[in-house]
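Please read the structure below before turning to the comments.
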Amino acid sequence: METSLLDLEGHEFVLSNLPPSPTHKRLALGIVFALLVVFVVSAPFATLPIRRIDAFVPAYATAIFVNDLITAALLFAHFAIVPSGALLALASGYLLTALIVIPWALTFPGVFSPGGLLGAGLQSTAWLNAIWHVGFPLFVIAYSLLKEADSVQRFSRVIRPAILASVGLVAAFVGSATALVTVGGRIMPALMFNEERTANFAYYLNVPIMALVALALVLLWVRVRSVLDLWLMVVMCAYATEAALQLFPVPTRFSVGWYAGRVCGLLSGSLVLLILLQQITMLYGQLLHAVLGQRREREARLMTGDAISASIAHEVKQPLGAIVTNASAGLNLLKSAEPDIDMAEEAFRDIVSDGHRAAAVIDNIRTLYRKGTQTWTSLDVNNVVRQALALVDDSLRTHRVDVRADFSAQLPLVRGEQVQLQQVLVNLITNAIDSMATSDGERVLSIRSELHHSGYVMVSVEDTGKGLDPGAADRIFNPLFTTKTHGMGMGLAICRSIVEAHEGELWVTAKPVGGATFHFTVPVEAAGASDRALPLRV
Ligand code: ADP
């Protein structure tokens, strides 16, 4: 299982490898532009205080927690499919932001208690915010550095332990950081003057944050490959905007800059999640298409299997019937009081030739379905028709069918495969006999050969049977379509395949009063053509 997952690396249907579409690029550019507008518009008013909205912090923290936790879960799940170190680092980064926002909200002064929960001091929340904003870009940097490294092999055998270790380490880190900023908060450099005003040290802290964000942005930029890279760049732009707004000029909590920064933070938290969901939905759609396509293909293959067995049965039935008839006749001749050896010999010769024909028919069907090649030769169509009539002679006589042949004397030779063209004629004549056998009128089979337009020889097989069933004309050439009780519906489908492989056409015309006429064409042999193997287009 794991080896097959490894094979996915580098494929375009893997989420972390999907290249960004032009729409994604345009959208990303649009969002970066919007962030710039937010910065330019809110920077001059950054210190302007807005009314403190008590519900803002818990609502914001909940949104970040849910967003980033789902993003982390999706990325860990993706890591389980493609176990690359880069994905593990990114998932851990999102887990860090999802977890650290909990103590951030709990320690926020005046939200759950006047001084903040967990024994928080004045500096606790600000330090958690700083750790969060230093930590995430570091994970993004790790992601972009590990992206190129082939870490899949290393992690493929330890997927579950790697995820568990990451979750454990991030949770332990967040727990220790919370303990540090709450218990040891008093000895840490001050980031806040009071509950709303930021101390000078916060400026200096923002510089490394900005530097890390810039580094992450550059690393992503030079190695941008996937849609995930592209959107992480946008996320880093949102981080940069947030950090820049906090630098301007004297950042204060619950000011325009502070609220605008938080909105940017929320945006950066949601972007990758939205993109992951969009890409997963898109891949799901593609998967569905692929599965349905595969199912259709399998059904088509089964259908071909049905068709092959039906064709073999259909085509072999006629020579087998002739073999049985000749064998019975031969036996009767030998059993009589004065055995007619000559006639019996003739019957046995017919059996031998019918046996050979059955074998040839099977070979031809195999070639037909294998898209193989056949050796074509120069053929006199009139001869092929005569041979076909001889093959169905018994049946014609049994059903008292009157044959009228009208052969054009000056027909040019055609190129083709003799047994296959014989098969076409035997099928058309057998169908004509079947049709006439069910009607009471006269039974006349007319076969005509003539030179058709633009270098084709045309053969027409006309009967005086019951004609085509209404509405069936379109479907009679479809494989397995039949209106006969014991029919297989393969005869005409095979005929059409053979004729089309000969670069000719097969069609039917209904007669005004009873009966049907089937026509097929075969191209006249080109001057200088010699015997060679030509592909069958089946
Ligand atoms: P099958 O003979 O096993 O039914 P075919 O593919 O040879 O399979 O024929 C398909 C159907 O086309 C037949 O069941 C019949 O309804 C129709 N058909 C073929 N030839 C004729 C004909 N000469 N006259 C009337 N209907 C015909």
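The values are calculated or read from the model by the stated rules, or taken from the named source; none is laboratory data. Note that the structure is predicted; figures quoted are calculated from it, not measured. Don't worry about glycine lacking a Cβ; one is built from the backbone with ideal geometry, like all the others, and counts go over all protein chains shown.
If we scan segment 246-257, do we find a residue that is touching a Gly at 6+ places or on another chain (Cβ under 7 Å) and assigned to a loop (DSSP other than H, G, I, E, B)?
Checked segment 246-257: at least one residue is touching a Gly at 6+ places or on another chain (Cβ under 7 Å) and assigned to a loop (DSSP other than H, G, I, E, B).
Which residues, counting only those in segment 378-426, are part of a strand (DSSP E or B), within 49 Å of the chain's Cα centre (by Cα) and farther than 23 Å from residue 490 by Cβ? Let's see the steps before the verdict.
Kept after step one, since they are part of a strand (DSSP E or B), are these residues of segment 378-426: 378-379, 402-407, 414-416.
From what is left, the residues that are within 49 Å of the chain's Cα centre (by Cα) are 378-379, 414-416.
Within segment 378-426, 378, 379, 414, 415 meet the criteria.
Tell me which of these residue 42 doesn't satisfy, since it passes every other one: (1) surrounded by 14 or more Cβ atoms within 10 Å (Cβ to Cβ); (2) under 24 Å from residue 228 (Cα atoms).
Tallying (1) surrounded by 14 or more Cβ atoms within 10 Å (Cβ to Cβ); (2) under 24 Å from residue 228 (Cα atoms), residue 42 fails exactly one: (2).
Could you check residue 498 against (1) within 15 Å of the ligand (Cβ to nearest atom); (2) over 24 Å from residue 321 (Cβ atoms) and say which number it fails?
Going through (1) within 15 Å of the ligand (Cβ to nearest atom); (2) over 24 Å from residue 321 (Cβ atoms) one by one, residue 498 breaks only (2).
Away from the ligand (no atom under 16 Å from the Cβ), under 25 Å from residue 524 (Cβ atoms), touching a residue at least 40 places away in the same chain (Cβ under 8 Å) and not in a helix (DSSP H, G or I) - does that describe any residue in segment 349-366?
no
For residue 62, state whether it is among the hydroxyl-bearing types (Ser, Thr, Tyr) and in a loop (DSSP other than H, G, I, E, B).
Spelling it out, it is not the case that residue 62 is among the hydroxyl-bearing types (Ser, Thr, Tyr) and in a loop (DSSP other than H, G, I, E, B).
Checking the conditions here, which among 159, 102, 163 is in contact (Cβ under 8 Å) with a residue 40 or more places away in the chain and within 20 Å of residue 64 (Cα to Cα)?
Result of the check over 159, 102, 163: 102.
Restricting attention to segment 305-329, and to residues there that are of a type outside the set (A, V, I, L, M) and within 18 Å of residue 398 (Cα to Cα), which single residue is farthest from the ligand (Cβ to nearest atom)?
Checked segment 305-329; the qualifying residue farthest from the ligand (Cβ to nearest atom) is 328.
Just one of 519, 502 is surrounded by 17 or more Cβ atoms within 10 Å (Cβ to Cβ), touching a Gly at 6+ places or on another chain (Cβ under 6 Å) and not polar (S, T, N, Q); which is it?
Every option except 502 fails the conditions.
It is to be established whether one or more residues within segment 231-240 are more than 37 Å from the chain's Cα centre (by Cα), assigned to a helix (DSSP H, G or I) and modelled with pLDDT of 85 or more.
Yes; the residues of segment 231-240 include at least one that is more than 37 Å from the chain's Cα centre (by Cα), assigned to a helix (DSSP H, G or I) and modelled with pLDDT of 85 or more.
Take the residues in segment 465-484 that are among the polar types (S, T, N, Q) and within 6 Å of the ligand (Cβ to nearest atom); name whichever of them is surrounded by the most Cβ atoms within 10 Å (Cβ to Cβ).
Checked segment 465-484; the qualifying residue surrounded by the most Cβ atoms within 10 Å (Cβ to Cβ) is 482.
Residues are listed down the side, and each one gets a yes or a no for (1) assigned to a helix (DSSP H, G or I); (2) at pLDDT below 75; (3) out of contact with any strand residue (DSSP E or B) (no Cβ under 6 Å at 6 or more places or on another chain):
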site: 288; (1), (2), (3): yes, no, yes
site: 297; (1), (2), (3): yes, yes, yes
site: 300; (1), (2), (3): yes, yes, yes
site: 304; (1), (2), (3): yes, yes, yes
site: 308; (1), (2), (3): yes, yes, yes
site: 315; (1), (2), (3): yes, no, yes
site: 321; (1), (2), (3): yes, no, yes
site: 331; (1), (2), (3): yes, no, yes
site: 337; (1), (2), (3): no, no, yes
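What's the number of the only condition in (1) out of contact with any helix residue (DSSP H, G or I) (no Cβ under 6 Å at 6 or more places or on another chain); (2) hydrophobic (A, V, I, L, M, F, W, C); (3) touching a residue at least 40 places away in the same chain (Cβ under 8 Å); (4) closer than 27 Å to residue 236 by Cβ that residue 172 fails to meet?
Going through (1) out of contact with any helix residue (DSSP H, G or I) (no Cβ under 6 Å at 6 or more places or on another chain); (2) hydrophobic (A, V, I, L, M, F, W, C); (3) touching a residue at least 40 places away in the same chain (Cβ under 8 Å); (4) closer than 27 Å to residue 236 by Cβ one by one, residue 172 breaks only (3).
I need the full set of residues from segment 511-527 which are within 13 Å of the ligand (Cβ to nearest atom) and over 43 Å from the mean Cα position of the chain (by Cα), in order please.
511, 514, 515, 516, 517
I'd like the full set of residues that are more than 30 Å from residue 417 (Cβ to Cβ) and either in contact with a Ser or Thr (Cβ under 7 Å, 6 or more places away or on another chain) or charged (D, E, K, R) (or both), limited to segment 321-366. Can you show your working first?
Filtering segment 321-366 down to residues more than 30 Å from residue 417 (Cβ to Cβ) leaves 328-345.
Hits for segment 321-366 are 335, 338, 340, 342, 345.
Residues that are in contact with a strand residue (DSSP E or B) (Cβ under 6 Å, 6 or more places away or on another chain), within 24 Å of residue 386 (Cβ to Cβ) and within 12 Å of the ligand (Cβ to nearest atom): does segment 485-492 have at least one?
Within segment 485-492, not a single residue is in contact with a strand residue (DSSP E or B) (Cβ under 6 Å, 6 or more places away or on another chain), within 24 Å of residue 386 (Cβ to Cβ) and within 12 Å of the ligand (Cβ to nearest atom).
Being within 12 Å of the ligand (Cβ to nearest atom) and of a type in the set (A, V, I, L, M) is the filter here; which residues of segment 424-461 pass it?
424, 426, 428, 429, 432, 433, 436, 437, 445, 461
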